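The values are calculated or read from the model by the stated rules, or taken from the named source; none is laboratory data. Being a predicted model, the structure only gives us computed values, none of them experimental. Positions of Cβ are backbone-derived with ideal geometry, glycine not excepted, and every protein chain shown enters the neighbour counts. Side chains are part of the model used for accessible areas, which takes the heavy atoms of the whole protein and leaves out ligands, DNA and RNA. Shrake-Rupley method; radii C 1.70, N 1.55, O 1.52, S 1.80 Å.
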Amino acid sequence: MAFELPALPYAKDALEPHISAETLDFHHGKHHNTYVQKLNGLIPGTEFEGKELEEIIKTSSGGVFNNAAQIWNHTFYWHCLSPNGGGAPTGAVADAINAKFGSFEKFQEEFNTAAVNNFGSSWTWLVKNAAGELEIVNTSNAGCPLTDAGVTPLLTVDLWEHAYYIDYRNARPTYLDAFWKLVNWEFVNQNLAG
Amino acid sequence: MIHHFDDLPYAYDALEPAIDEQTMRIHHLKHHKTYYDKFIAAIEGTDLASAPLTEILKNVSQYSPAVRNHGGGYYNHIVYWHSMTPATHTQPSDALLSAINQQYGSMEAFKNEFTQAAVGHFGSGFAWLLVTKQGELAISTTANQDNPLMDVAQIQGTPILACDVWEHAYYLKHQNQRPAYVEDWWKVVNWDYVSEQFAKASQ
């Protein structure tokens with residue numbers, strides 16, 4: 001069965017003024033959709049036919065991996081954002097962040113440094129690592145933490161230029177400021193609870 | 001300090017409509033300038049401050065990621081700017097055309113292969129035509145700001161033509177349509193420059 005483009009969990013203009021409807025129109029309607037179409041074109045007749053997306057990500061390489069992981073990464077990213085998001089974390093993730101990084105501000109600083117220095121098209125993640133600790137992880141291109149055994153992705157920011165070029169041009173730090181105003185801590189808590 | 005940040009070899013709007021003025025301004029004044037500034041910051045006070053850029057890149061595996069990323073970004077954009085021109089009707093030299101025909105069968109076949117490489121490169125990077133150490137033409141792509149001069153490159157040699165496929169090179173005009181950007185880019189390729197570089201690299 002072919003993969004389908006998941007709907008955005010909010011309206012295209014719901015994240016304005018931080019992320020524009022125009023950006024989401026291209027990012028979801030074109031980029032995310034193209035990964036879905038390309039994967040559907042690549043898997044018929046291969047060992048990946050009929051497999052779940054996460055299993056494909058964990059067992060593939062090259063074009064199949066790139067498109068499969070980018071489908072998953074984008075769906076996860078949409079859910080990390082919310083028009084009702086932003087502010088300080090709540091619940092268990094707030095405690096875990098304080099325990100690991102000292103404070104939310106220190107965590108933000110460390111996450112931003114990782115994101116600003118993540119060179120080229122990439123993603124920065126907060127994950128729960130195999131030891132059960134919070135960790136900030138950078139991946140390149142389609143890189144996805146699901147390929148590391150025992151790692152649970154909690155939060156991500158898309159650092160491909162297409163995620164912010166219409167709204168912020170080359171100013172990745174300004175996009176990160178906007179990102180923090182949208183973070184869906186409820187979703188991050190769900191991921192932490194597993 | 002032997003390194004310097006130069007003006008574009010043409011006006012910002014000179015490549016319209018293939019490459020738009022706003023893209024060229026941001027690309028040169030923000031992206032390229034930032035690579036230059038960060039490269040200088042990385043080498044200031046070291047022996048590299050007086051070393052030729054191409055020599056630094058040839059030994060880049062010995063230096064920090066900042067030298068590789070920003071030195072690469074500084075160099076790659078210079079080749080990219082010069083690979084383009086507002087002048088119409090520039091033509092490959094007889095020597096270059098003959099090498100292209102010998103290697104790829106025809107100019108059309110070469111362009112198809114180069115376009116496929118540029119469009120098919122996943123993520124940020126550059127597509128190159130280069131002269132290998134054996135003196136043959138080759139097409140390659142490199143990730144991020146790597147290039148064929150670098151000792152870390154899979155296919156090494158002297159770049160003679162560069163197509164920037166970072167999204168910042170085309171997003172304001174072509175958005176997700178990298179194939180449309182590459183098609184427009186061919187319209188402004190500076191064959192005089194590519195021919196000169198081919199002659200130098202083939203000596």
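Numbers below:
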item	result
Within segment A:22-53, considering residues that are within 14 Å of chain B (Cβ to nearest Cβ) and aliphatic (A, V, I, L, M), the one nearest to the chain's Cα centre (by Cα)	A:Leu24
Any hit, segment A:65-74, residues being of a type in the set (S, T, N, Q), surrounded by fewer than 19 Cβ atoms within 10 Å (Cβ to Cβ) and modelled with pLDDT of 95 or more	no
Top-ranked residue in segment A:147-160 [being under 12 Å from the mean Cα position of the chain (by Cα) and not in a strand (DSSP E or B); ranked as farthest from the other protein chains (Cβ to nearest Cβ)]	A:Leu159
Criterion: of a type outside the set (Lys, Arg), surrounded by 18 or more Cβ atoms within 10 Å (Cβ to Cβ), within 14 Å of chain B (Cβ to nearest Cβ) and touching a Leu at 6+ places or on another chain (Cβ under 9 Å) - qualifying residue of A:Ser121, A:Ser82	A:Ser121
Elements of type strands (runs of 3 or more DSSP E) contained in segment B:60-179, each with 1 or more residues being open to solvent by 10 Å² or more (accessible area, probe 1.4 Å) and within 14 Å of chain A (Cβ to nearest Cβ)	B:137-143
Selected residue [under 30 Å from B:Lys38 (Cα atoms), in contact with a helix residue (DSSP H, G or I) (Cβ under 7 Å, 6 or more places away or on another chain) and surrounded by fewer than 21 Cβ atoms within 10 Å (Cβ to Cβ)] from A:Val157, A:Val137, A:Val151	A:Val137
Check on B:Ile26, surrounded by 15 or more Cβ atoms within 10 Å (Cβ to Cβ), touching a residue at least 60 places away in the same chain (Cβ under 8 Å) and in a helix (DSSP H, G or I)	yes
Some residue of segment B:38-50 being out of contact with any Ser or Thr (no Cβ under 7 Å at 6 or more places or on another chain), open to solvent by less than 60 Å² (accessible area, probe 1.4 Å) and either outside any helix (DSSP H, G or I) or closer than 24 Å to B:Trp185 by Cβ (or both)	no
